[in-house]
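Read-outs: derived from the displayed coordinates by stated rules, not from any lab. The structure presented is a predicted model; accordingly, all values stated were derived computationally and were not measured. Glycine gets a Cβ as well: all are built from the backbone with ideal geometry, and neighbour counts include every protein chain shown.
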Amino acid sequence: MNFLTNNAHWLLRIALASVFVYHGALKFLNLEGFAQMLPISYLEVVLVAAAETGGGLLVLLGGFRNDAISDLATRIGAALNIPVMIGAITLVHWGRWNFLPSETHPIGGIEFQSVLILIMLYLAFTGNRGFAVNSDTTAQTA
């Protein structure tokens, strides 16, 4: 395998981590505001922010090594945010597929969240299998 193939997993990891770490950090910076905006309690906002931030970081950190701990970090990081996205869909975005805002859905629909769930399901089920995590390793088959 070549260098690009061995390191392509970083594209997926960086994309997911950037979304979740960013949104988790935003919630931590304004917990009161998000607790008032969302139909969940203050404690639930804290848990969502922790899952987003921690899960995103675990997916990112899981890519640095090809061992059982890193594989577990990838799986847990992805799994932490699946319920977060299901909550976002059911509480905020349900009823509209398109991600664009509308009169009835000013934050947009479920298209983006659905894609994130599918990617995280893949990572939760496969972990680092299928990825060549280091340039000196080859991809494992499922």
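Normalise the Cα radius of gyration of segment 1-71 by 2.2 N^0.38 Å (N = residues in it) and let me know the number.
Compared with the compact-globule rule of thumb, segment 1-71 sits at 1.38.
Quick one: E103, E111, E32, fewest Cβ neighbours within 10 Å first, how do they rank?
Placing the least packed residue first, the sequence is E103, E32, E111.
In nm, to one decimal, how far is the modelled label at A50 from the one at D67, with both set 7 Å along Cα→Cβ?
Taking the simple label geometry, A50 and D67 are separated by 2.7 nm.
Which chymotrypsin sites (Phe, Trp or Tyr not before Pro) in segment 1-107 pass both tests, a DSSP loop state and at most 13 other beta-carbon atoms within 10 Å?
Loop-located and lightly packed - F64, W94, W97.
Given 4 °C and 1.567 mPa s, compute D for segment 58-132 with the Stokes-Einstein relation, Rh being the Kirkwood radius over Cα pairs; round to the nearest whole µm²/s.
98 µm²/s
Calculate, for L91 and L11, the FRET efficiency according to 1/(1 + (r/R0)^6) with r their C-beta to C-beta distance and R0 30 Å; round to the nearest 0.05.
Calculated value: 0.50.
Report the extension gain between Q36 and L121 in nm, rounded to one decimal, defined as 0.36 nm multiplied by the number of residues separating them, less their alpha carbon distance.
Taking 0.36 nm per residue and subtracting the Cα distance, the gain is 27.6 nm.
Taking Cα atoms of the chain, Rg/Rh with Kirkwood Rh, to two decimals?
Expressed as Rg/Rh, it is 1.03.
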